[in-house]
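Colleague: Supplied in structure tokens, the structure appears directly below.
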Amino acid sequence: MSTAAIVIPVTRTDASAVSIGLFGPLTVRSGQDAVVLRGDIPRAIVARLALSAGEPVSADELISELWPDDQATALTNLRSRISRLRSEGFPAAIHGDRQGYLLDLPAEAVDVLRFRALLGRAAEHGLAADEALDALAAAEALAAHEPLRGLDGFPFVQALRERVLEERRGAVETLAELWLERGEHALAVGPLAALVRRHPLDEKPTRLLATALARSGRSSEALEAIDALGERLAEAQGLDLPPRMTELRLAVVRRDPAVVSAGLSAVAVERTGIPIPLTRFVGRA
């Protein structure tokens, strides 16, 4: 990891004008000006403190997340790096005491914390569907990129990425369910297709995607999505298609009105003497 000096071409300013972006590469802005941090370790320190903006992070925790393999000199390195951040005019105050180090910024100044606040807002009991949908859409837009690109060598980064991935998954699934309830089926297809690519063996994303496709008049693509899941499960885990997915496939084939959207042909297909295939797989025990 690089230990180059920090170059910050701005002077200290009001912390309320500072914003930190953790999605994508780390970005720091002071008003309209970009703050350039040179070196992985300074960027990692700022990023980790930003994740707990307004709350102290103990020196031990920072050391374990920044120097897990070199703790003999880690405390000295930490103090030196933070001292340099302060002396070179980092635009948000960094306080240190016995409890640890604190980045003096409001949570809304950090995009990951705004993302989580939006998810919390969407989950509030009694919130109108339109407001929940707006909050989830705003959260998904914020999280368009993987967090902290370029800082792969720090333990907290991978943990953050895994947590955000699960948070995004829940947000997209809930957002898609709201779109389906509102009849805006086509809006759900793109985000759900991306979610299926990230979670290829999980049932729920494919089930929602197939439903969105069927209700958008794309029944053949819905069947392909279901069958592709069956093929992936068979190849990776030796499993059959889950019963709920088998039922959904049959409903799409039959154009069940509960699955196929209104406005499309919702009349069940009548067949005489020809059974409707449940899956592409034949002869499996």
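Colleague: Go through Pro56, Pro42 for me and flag whichever is crowded, with 18+ Cβ neighbours inside 10 Å, of a type outside the set (Lys, Arg) and either on the phi < 0 side of the Ramachandran plot or touching an Asp or Glu at 6+ places or on another chain (Cβ under 7 Å) (or both).
Modeller: Pro42
Colleague: Would you tally the residues in the range 232-247 being touching a residue at least 12 places away in the same chain (Cβ under 8 Å) and either farther than 21 Å from Gly190 by Cα or open to solvent by 30 Å² or more (accessible area, probe 1.4 Å) (or both)?
Modeller: Counting residues in the range 232-247 that are touching a residue at least 12 places away in the same chain (Cβ under 8 Å) and either farther than 21 Å from Gly190 by Cα or open to solvent by 30 Å² or more (accessible area, probe 1.4 Å) (or both) gives 10.
Colleague: Please identify the pairs in which a residue from the range 95-113 that is at positive phi and without any contact (Cβ under 8 Å) to a residue 40 or more places away in the chain has its Cβ atom under 8 Å from the Cβ atom of a residue that is open to solvent by 50 Å² or more (accessible area, probe 1.4 Å) and not in a helix (DSSP H, G or I), counting only partners at least 6 apart or on another chain.
Modeller: No pair meets every condition.
Colleague: Take the range 138-169 and flag every residue that is touching a residue at least 24 places away in the same chain (Cβ under 8 Å), aliphatic (A, V, I, L, M) and either open to solvent by less than 40 Å² (accessible area, probe 1.4 Å) or in a helix (DSSP H, G or I) (or both).
Modeller: Here is the first cut: in the range 138-169, the residues touching a residue at least 24 places away in the same chain (Cβ under 8 Å) are 139-140, 142-151, 153-157, 160, 164-165, 167-169.
Now narrow it down to the ones that are aliphatic (A, V, I, L, M): 139, 142-144, 148, 151, 157, 160, 164-165.
Across the range 138-169, the qualifying residues are Ala139, Leu142, Ala143, Leu148, Leu151, Val157, Leu160, Val164, Leu165.
Colleague: Being on the phi > 0 side of the Ramachandran plot, touching a residue at least 60 places away in the same chain (Cβ under 8 Å) and in a loop (DSSP other than H, G, I, E, B), is that true of even one residue in the range 116-137?
Modeller: Start the filter on the range 116-137 by keeping residues that are on the phi > 0 side of the Ramachandran plot, which leaves 126.
Right, trim to touching a residue at least 60 places away in the same chain (Cβ under 8 Å) and you get none.
No: zero hits.
Colleague: Determine, yes or no, whether Leu278 is at pLDDT below 95, open to solvent by 30 Å² or more (accessible area, probe 1.4 Å), farther than 28 Å from Ala129 by Cα and in contact with a Leu (Cβ under 9 Å, 6 or more places away or on another chain).
Modeller: Values: at pLDDT below 95: yes; open to solvent by 30 Å² or more (accessible area, probe 1.4 Å): yes; farther than 28 Å from Ala129 by Cα: yes; in contact with a Leu (Cβ under 9 Å, 6 or more places away or on another chain): yes.
Criteria met by Leu278.
Colleague: Return yes when Leu250 is modelled with pLDDT of 95 or more, surrounded by fewer than 19 Cβ atoms within 10 Å (Cβ to Cβ) and more than 30 Å from Ser64 (Cα to Cα) and no when it is not.
Modeller: yes
Colleague: Moving on. For residues in the range 84-100 being under 17 Å from Val36 (Cα atoms) and open to solvent by 50 Å² or more (accessible area, probe 1.4 Å), which is modelled with the lowest pLDDT?
Modeller: Glu88
Colleague: Please give the helices (runs of 4 or more DSSP H) falling wholly within the range 200-263 in which 2 or more residues are more than 25 Å from Gly170 (Cβ to Cβ). Before you say what the answer is, go through the steps one by one.
Modeller: On the way: elements: 203-215, 219-237, 243-253.
Filter on the range 200-263 gives 219-237, 243-253.
Colleague: Looking at the structure I just gave you, is Thr73 surrounded by fewer than 17 Cβ atoms within 10 Å (Cβ to Cβ), modelled with pLDDT under 90, farther than 19 Å from Val157 by Cβ and not acidic (Asp, Glu)?
Modeller: Considered against the rule, which asks whether it is surrounded by fewer than 17 Cβ atoms within 10 Å (Cβ to Cβ), modelled with pLDDT under 90, farther than 19 Å from Val157 by Cβ and not acidic (Asp, Glu), Thr73 comes out as yes.
Colleague: A further question on this structure: Among the residues of the range 170-198, which ones are open to solvent by 50 Å² or more (accessible area, probe 1.4 Å) and either within 16 Å of the chain's Cα centre (by Cα) or of a type in the set (Val, Ile, Thr) (or both)? Break it down stepwise before answering.
Modeller: Initially, the range 170-198 is screened for residues open to solvent by 50 Å² or more (accessible area, probe 1.4 Å), giving 174, 177, 181-182, 184, 186-187, 197-198.
Once the filter is applied, which keeps residues that are open to solvent by 50 Å² or more (accessible area, probe 1.4 Å) and either within 16 Å of the chain's Cα centre (by Cα) or of a type in the set (Val, Ile, Thr) (or both), the range 170-198 yields Thr174, Arg197, Arg198.
Colleague: Follow-up. Within the range 101-124, which residues are aliphatic (A, V, I, L, M) and either buried (at least 19 other Cβ atoms within 10 Å of the Cβ) or under 12 Å from the mean Cα position of the chain (by Cα) (or both)?
Modeller: Of everything in the range 101-124, those that are aliphatic (A, V, I, L, M) and either buried (at least 19 other Cβ atoms within 10 Å of the Cβ) or under 12 Å from the mean Cα position of the chain (by Cα) (or both) turn out to be Leu103, Leu105, Ala109, Val110, Val112, Leu113, Leu118, Leu119, Ala122.
Colleague: For Leu213, state whether it is within 25 Å of the chain's Cα centre (by Cα), open to solvent by 30 Å² or more (accessible area, probe 1.4 Å) and modelled with pLDDT of 95 or more. Walk me through it before giving the result.
Modeller: Working: within 25 Å of the chain's Cα centre (by Cα): yes; open to solvent by 30 Å² or more (accessible area, probe 1.4 Å): no; modelled with pLDDT of 95 or more: yes.
Taking the combined requirement at face value, the residue does not satisfy it.
Colleague: Condition check: at pLDDT 95 or above and surrounded by fewer than 23 Cβ atoms within 10 Å (Cβ to Cβ). Does Leu201 satisfy that?
Modeller: It is true that Leu201 is at pLDDT 95 or above and surrounded by fewer than 23 Cβ atoms within 10 Å (Cβ to Cβ).
Colleague: Considering only the range 158-178, how many residues are of a type in the set (D, E, K, R) and out of contact with any Asp or Glu (no Cβ under 9 Å at 6 or more places or on another chain)?
Modeller: 6
Colleague: Could you say whether any residue in the range 159-168 is small (Gly, Ala, Ser) and in contact with a Leu (Cβ under 8 Å, 6 or more places away or on another chain)? Break it down stepwise before answering.
Modeller: Residues of the range 159-168 small (Gly, Ala, Ser): 159.
Next, from what is left, pick out any that are in contact with a Leu (Cβ under 8 Å, 6 or more places away or on another chain): none.
No - not one qualifying residue is present in the range 159-168.
The values are calculated or read from the model by the stated rules, or taken from the named source; none is laboratory data. Just so we're clear, the structure is a prediction, and the values are computed from it rather than from any experiment. Glycine gets a Cβ as well: all are built from the backbone with ideal geometry, and neighbour counts include every protein chain shown. For accessibility, only protein heavy atoms count, side chains too; no ligands or nucleic acids. Shrake-Rupley method; radii C 1.70, N 1.55, O 1.52, S 1.80 Å.
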